[in-house]
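Q: Below you'll find the structure I mean.
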Amino acid sequence: MEGIVWGECSWREEIDQSFDGFLTTEILTPSDFDFVEERGHTYSSLGTREYMLPCDDSWILAEELLHRVLHDLVLEKKFLLGSIANFKGRVLDVGTGIGLWAIDMADDNPRADVIGVDLSPIQPIWVPPNCSFIIDDVELLSGLAFASSDYYPNVIHCGNMTMAIYGWTSFISWIKRELQSGGFVEFQELLWCPCVEQGGTIIPDTGPLAGFFLTLAEAFSAVGINVDAPRHLRAELELSGFKDVSQQDFLVPLGNWPKDPPQKKTGAGFYKFPMQAIELLSNRVLRRGLNYRPGKAKLWARQLKETLRGSRGEMILFKFIVVHGRKSRAIQ
């Protein structure tokens, strides 16, 4: 299967220069893609439906920050938490975004064949020789058929898709269809609901911050995206017939309030993400979902950041879940 690598993208020069071997399969230029410029942000218009997140330089930097916090700090640079080590097979990174997970996975596992898929061409030009990218809409389920090609992935990885997927049940059915028998799928998703610890139990936060994230969830729901859906991924995989389904939960602090040094570092890094990205990820969905005027959407984001500044010492937590399952082996 032929990979597509974005042709004019200089933001990851430090990654581009870090590999001794390179592979580009088909180089595309900006004229090969349609973009929409809207209220100061750039959005991909490739998908079957509107994508709520931008694909401009500001979002690229925010996405890199989130990846470094969740992958490097929370997961301690583990690519997959399932029972896979020294992987040699074919890996599909669905919703690869800027491609960091796919690039790092390929670099650390030179015997793996890694393909990242996303509808935005924001990946670097130069990649490891065992990594490539396809620009396509993962919810065009009939359009991406790896199982009918010579690829047939052994592993499908999905990370930070919460604000992108319209139909999780159909998406999981597509994953099951495309996976090789006995293959694994792993979801790594952040739940956008602030929580606090009370008497040893994690409960939803009811402070000022919670109201902002409830509004954001309502806006996404209005356009057809359920940001709470990943909470039910384990049950969805089991209902779809996946075996050995498991879930691991992590708590990500917001701010540098933890006393534990690694947690303090994680919290400080994670706090920077909403401060940097909240206007980016909310602007379009507030206008589309709740009919906010542009000025009101910007004011909402500004007020949320002010609330974030005031809540740095309130011991706010966010859940980060990893759900893993195996496709049944074909009966011989």
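Q: Report, in whole Å, the centroid distance computed from the Cα atoms of segment 254-324 and segment 186-249.
A: The distance from the Cα centre of segment 254-324 to that of segment 186-249 comes to 15 Å.
Q: Restricting to segment 5-326, compute how many DSSP beta bridges are antiparallel as a %, nearest 5.
A: 55
Q: Stretch Arg312-Arg177 to full length: gain in nm at 0.36 nm per residue minus the Cα-Cα span?
A: Stretched out fully, the Arg312 to Arg177 stretch lengthens by 44.2 nm.
Q: Still on this structure, please answer the following. In straight Cα distance, which lysines are under 16 Å from Lys265, not counting same-chain residues fewer than 8 positions off?
A: The qualifying lysines are Lys77.
Q: For Lys298, which lysines qualify as cross-link partners when the Cα separation must be under 20 Å and same-chain residues fewer than eight apart are set aside?
A: Leaving aside lysines fewer than 8 places away in the same chain, those within reach of Lys298 are Lys272.
Q: Compute the normalised compactness of segment 199-249: alpha-carbon radius of gyration over 2.2 N^0.38 Å, N being the residue count.
A: Scaled against compact globular proteins, the figure is 1.50.
Q: Determine by what factor the alpha-carbon radius of gyration of segment 5-326 differs from 2.2 N^0.38 Å, reporting the quotient.
A: Rg over 2.2 N^0.38 Å, computed on Cα atoms: 0.97.
Q: State whether segment 122-274 is rounded, prolate or oblate according to the following rule on the C-alpha gyration tensor (a ≥ b ≥ c being the square roots of its eigenvalues): a/c under 1.5 gives rounded; otherwise a/b larger than b/c gives prolate, and the remaining case gives oblate.
A: prolate
Q: Note down the nm distance, to one decimal, between modelled labels 7 Å out along Cα→Cβ at Arg39 and at Lys296.
A: Simple spin-label model gives 1.1 nm for this pair.
All of the numbers you see were taken from the coordinates with simple rules; none came from a lab. Keep in mind that this is a model prediction, so the values were computed, not measured. Cβ atoms come from the backbone with ideal geometry, glycine included; neighbour counts cover every protein chain shown.
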